[in-house]
1. Please give the number of the condition Gly178 fails out of (1) within 15 Å of the ligand (Cβ to nearest atom); (2) open to solvent by less than 10 Å² (accessible area, probe 1.4 Å).
2. How do the strands (runs of 3 or more DSSP E) wholly within segment 389-487 filter down when requiring 3 or more residues that are more than 29 Å from Ala319 (Cβ to Cβ) and touching a strand residue (DSSP E or B) at 6+ places or on another chain (Cβ under 9 Å): which remain?
3. Could you go through segment 358-378 and let me know if any residue there is closer than 30 Å to Ala95 by Cβ, surrounded by 18 or more Cβ atoms within 10 Å (Cβ to Cβ), in contact with a Pro (Cβ under 7 Å, 6 or more places away or on another chain) and polar (S, T, N, Q).
4. Check segment 464-478 and report whether any residue there is surrounded by fewer than 16 Cβ atoms within 10 Å (Cβ to Cβ) and not assigned by TED's automatic domain parsing to the domain that holds Gly111.
5. Residue check, Val151 against (1) of a type in the set (A, V, I, L, M); (2) open to solvent by less than 10 Å² (accessible area, probe 1.4 Å); (3) more than 14 Å from the ligand (Cβ to nearest atom), all met but one. Which one?
6. Going by the structure shown, is Phe123 under 30 Å from Gly229 (Cα atoms), within 16 Å of the ligand (Cβ to nearest atom) and outside any loop (DSSP other than H, G, I, E, B)?
7. Could you give every pair whose Cβ atoms fall below 7 Å, whose first residue belongs to segment 140-163 and is outside the structural domain of Thr237 (by TED's automatic domain parsing), and whose second residue is assigned to a loop (DSSP other than H, G, I, E, B) and within 16 Å of the ligand (Cβ to nearest atom), counting only separations of at least 6 or pairs across chains?
8. Residues that are within 16 Å of the ligand (Cβ to nearest atom) and open to solvent by 20 Å² or more (accessible area, probe 1.4 Å), at least 1 per element: which helices (runs of 4 or more DSSP H) completely within segment 234-330 meet that?
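The values are calculated or read from the model by the stated rules, or taken from the named source; none is laboratory data. Small disclaimer: the values here were computed from a predicted structure and weren't measured. Glycine also receives a Cβ, built like all others from the backbone with ideal geometry; neighbour counts cover every protein chain displayed. Side chains included, ligands, DNA and RNA excluded: accessible areas come from the protein's heavy atoms. Shrake-Rupley method; radii C 1.70, N 1.55, O 1.52, S 1.80 Å.
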Amino acid sequence: MTATVVPSTMDSVPKKLLVAGAWTDASDGRTMPVENPATGEVLCEVADATPEDGARALDASVAAQRDWAATAPRARSEILRRAYDLIIERVDELATIMTLEMGKPLAEARGEVTYAAEFFRWFSEEAVRVDGGFSATPDGKNHVMVLRQPVGPSLLITPWNFPLAMGTRKIGPAVAAGCTMVFKPAQQTPLSALALAAILTEAGLPNGVLNVITTSRAGEVVEPLLRGGNVRKLSFTGSTAVGKILLAQAADGVVRTSMELGGNAPFIVFSDADLDAAVAGAMVAKMRNMGEACTAANRLYVHSSVVEEFGARLAAKMAELRVAPGTEDGAQVGPLIDSAGLSKVEQLVADAVGRGARVLTGGAAPDGPGHFYPPTVLADVDSGSEMLRTEIFGPVAPIITFDDEDEVLRTANDTDWGLVGYVFTRDLARALRVSENLEVGMVGLNTGLVSNPAAPFGGVKQSGLGREGGRVGIEEFLEYKYVATPR
Ligand SMILES: O=CCCC(=O)O
């Protein structure tokens, strides 16, 4: 790997840990490289936190918690609102950083920056709307006063696929509720997180409220924090496999958790669907973030009466997409995050084709640098194919033909995951019936996009616990306290 010239937009990003308001090196002086997935080149080095640094970050959060909880909700709201304004002012700069470290095309990165900022605007409005209760017990003897209080120091762990939005979706409600934080972004994408921390500091977040630890030693750093007794809340977005490990560690310290884990989204096209809308929806549900999204359509069930036409139209649209480094003009599909991600996609496609799937477009990685994989549509995918039982996390759309509503519902629900499902039909009764019976936390009904800061995002089954965003997002960071007093 060679070092690449660091674009000037990245000069402003602190490459250090943020602990108690100070930017510091790792205690053992180690740094870790940040790679550009489009070229494999090293963009820069950032501090690589040790377990001791993690402990210092948590100590800083604990020390800041009491004063922070006592701040006026309006003050917390205004910090979030200022941070929202700063992010919007710097959309291009933040998008460039994101594209360089993560690979998504600039246009999509700009979209994510705006999406990320909206969580701050949303929670700046929620910060001043937290209420409690005051009532009498049924026997009339006591008053019941219900207070809402911040849950306390929170550990926020975010993935590489949405490096900014997954941060703001957690930091926004934590700030609004009055929680202090230790924020550990993914190893692959520390720069967006550090840029975000710098913006929050500029927006007036007091020292110690947000502490950021970038590290290549996630397991070693996180486990003692979760078992140590001072973390009151864990909010994690990432794979189900890692989520289960963290849940076990959190159980030890009885730490409250919000877990936004993997998905295996069914995308169902009924015979009466508007095919234009279904193809457009599939493009979004499959291709947003090159398919590297927990919400990505992973299994496309299409009714036998429309399957040929749907497959041909989807393949034509997918083939039109321009695959190129995200910083290039007109790029629509960037590289996958790393070589492991690319080989996984290659193996899944080989397995499906080996079981008889027809390749309608794509199907083979190009030669050359970067972890690129072309938009791919597979038809007649056999139900035993591995890709139907795992998150593909790449730009591959497997189509499975079905004939009957009950059959497709059964198959769609036959998975350990339950994050999101997509349903395309013009029949209102069927739309409601299927939406109700899909075992998921979210349904895209005649749309390929469910993500929105105003909506409760999250899943059932092994897709997670709790919800982020919407009216309930702040609840995840609030405790109830009830005070009883005689009337
Ligand atoms: O990978 C997770 C998707 C996150 C989102 O759509 O907000």
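1. Answer for Gly178: the failing condition is (1).
2. Details: elements: 396-402, 420-424, 442-445, 478-486.
Ranges flagged: 478-486.
3. The answer is yes, given that some residue of segment 358-378 is closer than 30 Å to Ala95 by Cβ, surrounded by 18 or more Cβ atoms within 10 Å (Cβ to Cβ), in contact with a Pro (Cβ under 7 Å, 6 or more places away or on another chain) and polar (S, T, N, Q).
4. Checked segment 464-478: no residue is surrounded by fewer than 16 Cβ atoms within 10 Å (Cβ to Cβ) and not assigned by TED's automatic domain parsing to the domain that holds Gly111.
5. For Val151, the exception is condition (2).
6. On the way: under 30 Å from Gly229 (Cα atoms): yes; within 16 Å of the ligand (Cβ to nearest atom): yes; outside any loop (DSSP other than H, G, I, E, B): yes.
Considered against the rule, which asks whether it is under 30 Å from Gly229 (Cα atoms), within 16 Å of the ligand (Cβ to nearest atom) and outside any loop (DSSP other than H, G, I, E, B), Phe123 comes out as yes.
7. none
8. Values: elements: 240-252, 275-287, 307-320.
Passing ranges, in order: 240-252, 275-287.
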